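Only one structure is covered here, and it is reproduced in the block below.
The values are calculated or read from the model by the stated rules, or taken from the named source; none is laboratory data. In this text, all values refer to a predicted model and were calculated from it rather than measured experimentally. Please note: Cβ atoms are built from the backbone with ideal geometry, for glycine as well, and neighbour counts cover all protein chains shown. Keep in mind that these areas ignore ligands, DNA and RNA; they rest on the heavy atoms of the full protein, side chains included. Shrake-Rupley method; radii C 1.70, N 1.55, O 1.52, S 1.80 Å.
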Amino acid sequence: MYKSLCSVVALSLCAIVSAAGCTSESAQGNPLPDSGPGGMPLPQSPACAVASGGGKAQVSAPTLLLTLKDRYEEAWLGSAAVADLDGDGKKEIIAARGGLVVVWKSDGTLAWRYATGQGRIWSSPVVADFVGDRKLEVAVAARDRIFLLDANGQVLPGFPVTWQDELRSLAGGDIDGDGKLDLIASVARSGPTDVVNAFRSDGSKVAGFPPNMTGTSGCATDKLCYLAGCYDQNLAVGDLDGDNKLDLVAPHDNAYASFHKGSGVAFDASAQFKPKKTPGVRYLHDLAEAQRGYATNEETALQAHFTNTAPAIADLDEDGKNEVVMLGSVQNAAQSNRLLGVGLWALRNDASRVTGWESPFHAPQYLSGLWDLGNTNIVAATNQVSIADISAQSPGKELIFAGFDGTIHAVSAQKKELWSFRYTSDPNVLTAGVAVGDLSGDGIPEVVFSSYSTDADKSALYILDAGGNLQQKLALPRRGAMPVPTLADVNGDGTVEIVVSLKDALDKVESVLVYTVAGSATNCLPWPTGRADLLRSGTAPKKS
C-alpha cells in the first residue's frame, strides 16, 4: 500500500505560543470508558535514580526557553537531536525540516544547514561518531539517498549512497562486529526481494546486504518469506540472541515481519510454524491459526498489519534476554474490515510468543489514524511503542503507546493494562508516540507527547505522570508537531528541556520550540526521543 502525500494546504499562521510561555493546566487522566482503567494513583516508589537533592511529584509548567528560526520548511516524523557535535562542550540542536538538516547552537543562533536536494527527510536524524574522529556525524535519509555529514555539515566521502525510494527508516549500529557503526535503512517500496539494506561509514555495503538479493537471508530455500514495504520508521536494531552482536527487526506492510542477524541471515522460525524463516510467519492473533498459517474463517479471524509499525527491542521481564515488541493495526484476515484498533505483540527472535503474550494485547476501539488525513501532508499515526520502567510496583518494564482511539495506553510486561489517557475525541487529531523521562527529579518518569492535526490550533504538548494523570498541557501553534518530542539538557544547566519540532514553520520566525522545565534533572531519561536514542535504534536500555 503506497501512500501518496500531496502538497500542504494553506492554513492560518496565527501563533498561539509566545515568548512569555503558554497556558498550562493540571488535571486527572481522562479515561476512555470502555477501553481501560483510566488514570491510576501515582506510583510511590522511584523506578530509577532520584535527582540530587530529591524531587517532587508535580512537574513544573514548561516555559519557552528558545524559539529556533529558519525558513518555511515543515517537519515530517523526525525527532530533533541534541548533542555536542564538534566537541566544544556546548550542545547543538539538530532537526530535519523538509529536505534540510538544520543545526542551531544552544543559544538559538543558526550553526549550519544542509540541503539534500532530494525532497523530504521522513525519519529522525541519526547522530553518532561513525568515523572515529571523536566528533559526531549526522546521518539522514532523503527519498532514495542516505547522507552522512560531519560536525560542520560537510558530506563525508562515499556519500550520499543511493538505494530505493523512499527510505523512511534509518538507524545506526555496529551490525557486522568490526567496531564501527553502520547505517541501516528500510524502504517504503520493497522492490523485488528486499526491505532492508546496510552501509558502512565509508559508503560501502555491509557484507550480506541486502540480505535476500545477496542470498544471505536463507529465504530463497524456504520460498516462504513474504515481503512488503516499510512505510514509517519500520526498523529496530539490537541484540536479539545474546551474542553481543546487533540484529534487525523490520515489520512490513502486511501481516509479516523480518528478523535478521547483523550478518543478513534471517532468524529461523520456531518449529511450531510451517515456514523455516521468521519473514514467513503470519501474525494471526490466534496462535493455533498462526502455527497453521491460515485462518479457519478469514472474515472473523484477526491478524496484524504492520504498515506503519516502528518496532522496539527490550528486555521486558529483565531476565537478561531481549524481546521484540511490535504495535500493529488490527484487521480481519480477509482484509475487509481494517478498523479494528491496534494490537501489541511480544515475541522471541524465532517469532514465538512470549509467555503470557500468546495473543496480542488488543485495544479495539477506532477513532482515526490508519490513513493519512487528507491531502495536507498530515500522515497516519505511527504505530510505535516506547518502553521504560515507569512503575517500581509493576514487575519489568512498561509499554506505552497511542492507539487508534485517541488514547495513550500503558501496559505491563505481564500484558495488563495499567492505565489509559484519552487525549482527543477529534478524528482530525493524532500523535506519533511518546517520550519518557523524569521531569520532576523524584525518580518516577513522566510521559511526554505532542499532538498534530489537519486543523489549526487544535494541537498541544502533554505531560502525564506515571499513573496516566495529566500534569501539564500547553497549546502548540498551527497544526502542532508530528515528531515525538526530545528530552535533553540543551544549555548545560542540569535541567531538562523539551524540544518540539513543529509541523509548520513561520519563515525566519519559528520552526522549533524549546521549553525548559524548572526543577527537572537528567537523572532518568529512559526513552528521551523518537526511536529511543540518537542512533534511532528502538532499543530500550538494559536495567543498570
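Odds and ends about this structure:
- Note on exposure: F159, F449 ranked by accessible area (1.4 Å probe, complete protein assembly) read F159, F449, with the most exposed listed first.
- Kirkwood Rh, Cα atoms: Rg over Rh of segment 116-207: 0.94
- Pair-distance profile P(r), taking every C-alpha pair of the chain, with 20 angstrom steps and integer %: 24, 60, 16, 0
- Applied to segment 323-338, the Karplus parametrisation 6.51 cos²θ - 1.76 cosθ + 1.60 on θ = phi - 60° returns per-residue 3J(HN,Hα) values of 10, 9, 10, 9, 9, x, 5, 10, 9, 7, 5, 7, 6, 8, 9, 9 Hz, with x for Gly and Pro.
- Compactness of segment 292-367 was expressed as the Cα radius of gyration divided by 2.2 N^0.38 Å, which yields 1.16.
- Per-selection Kirkwood Rh - segment 260-335 (Cα, Å, 1 d.p.): 13.9
- Once the 1.4 Å probe is applied to the protein heavy atoms, the chain comes out at 33 Å² accessible per residue.
- For segment 277-418, the equivalent ellipsoid derived from the Cα gyration tensor has semi-axes of 23, 21, 13 Å, listed largest first.
- Kirkwood hydrodynamic radius (C-alpha pairs) into Stokes-Einstein, segment 196-322, 25 °C and 0.890 mPa s, D in µm²/s: 159
- One quarter of the convex hull surface built on the alpha carbon atoms of segment 226-287 amounts to 4.6 nm², the projected area averaged over directions.
- FRET efficiency, 1/(1 + (r/R0)^6) with R0 60 Å, evaluated for E358 and T109 via beta carbons: 0.65
- Förster radius 60 Å - calculated FRET efficiency between N152 and D319 (Cβ-Cβ, nearest 0.05): 0.85
- Seen from every direction in turn and averaged, the convex hull around the alpha carbons of segment 26-175 projects onto 13.9 nm².
- Tensor-based shape of segment 55-124 (alpha-carbon gyration tensor, a/c under 1.5 rounded, otherwise prolate or oblate): prolate
- Along principal axes, Cα extents of segment 345-491, largest first, whole Å: 44, 37, 25
- FRET efficiency for R189 and A518, using Cβ-Cβ distance with R0 set to 51 Å, rounded to 0.05: 0.60
- Scalar couplings 3J(HN,Hα) for segment 257-262, obtained by applying the Karplus form with A = 6.51, B = -1.76, C = 1.60 to θ = phi - 60°, are 8, 9, 10, 10, 6, x Hz; x denotes Gly and Pro.
- Segment 155-269 - percent of accessible surface contributed by carbon and sulfur, probe 1.4 Å: 51
- Segment 93-148 - Rg (one decimal) and Dmax (whole number), Cα, Å: 11.4, 34
- Between N337 and N428, the simple label model (points 7 Å from Cα in the Cβ direction) yields a spacing of 2.9 nm.
- In whole angstrom, segment 341-391 maps to an equivalent ellipsoid with semi-axes of 28, 13, 12, each derived as √(5λ) from the alpha carbon gyration tensor and ordered largest first.
- Alpha-carbon centroid distance for the pair segment 236-285 / segment 397-466, whole angstrom: 28
- Residue separation of T296 and S52 scaled by 0.36 nm, minus their Cα-Cα distance, works out to 82.0 nm of gained length.
- Accessible surface of K415 - all protein chains present, 1.4 Å probe, nearest 10 Å²: 50
- For segment 490-544, the gyration tensor built on C-alpha atoms gives an oblate shape. Its axis ratio a/c (a ≥ b ≥ c) is at least 1.5, and a/b is not larger than b/c.
- Here the Debye sum runs over all C-alpha atoms of segment 173-218 as equal scatterers in vacuum, and log10 of I(q)/I(0) at q = 0.15, 0.18, 0.19, 0.26 Å⁻¹ comes out as -0.37, -0.52, -0.57, -0.95.
- Per-atom-type breakdown for segment 343-497 gives carbon and sulfur 48% of the accessible area (1.4 Å probe, protein chains only).
- Here segment 426-544 is treated as a sphere whose radius is the Kirkwood value from Cα pairs; by Stokes-Einstein at 10 °C and 1.306 mPa s it diffuses with a coefficient of 108 µm²/s.
- 3J(HN,Hα) along segment 235-251, derived from phi through the Karplus expression 6.51 cos²θ - 1.76 cosθ + 1.60 where θ = phi - 60°, amounts to 7, 9, 10, x, 7, 9, 10, x, 9, 6, 10, 7, 10, 10, 10, 9, x Hz, with x in place of Gly and Pro.
- Note on the chain: helix-only mean residue ellipticity at 222 nm, from DSSP H runs of 4+ residues weighted -39500 (n - 2.57) and normalised by residue number, equals -500 deg cm²/dmol.
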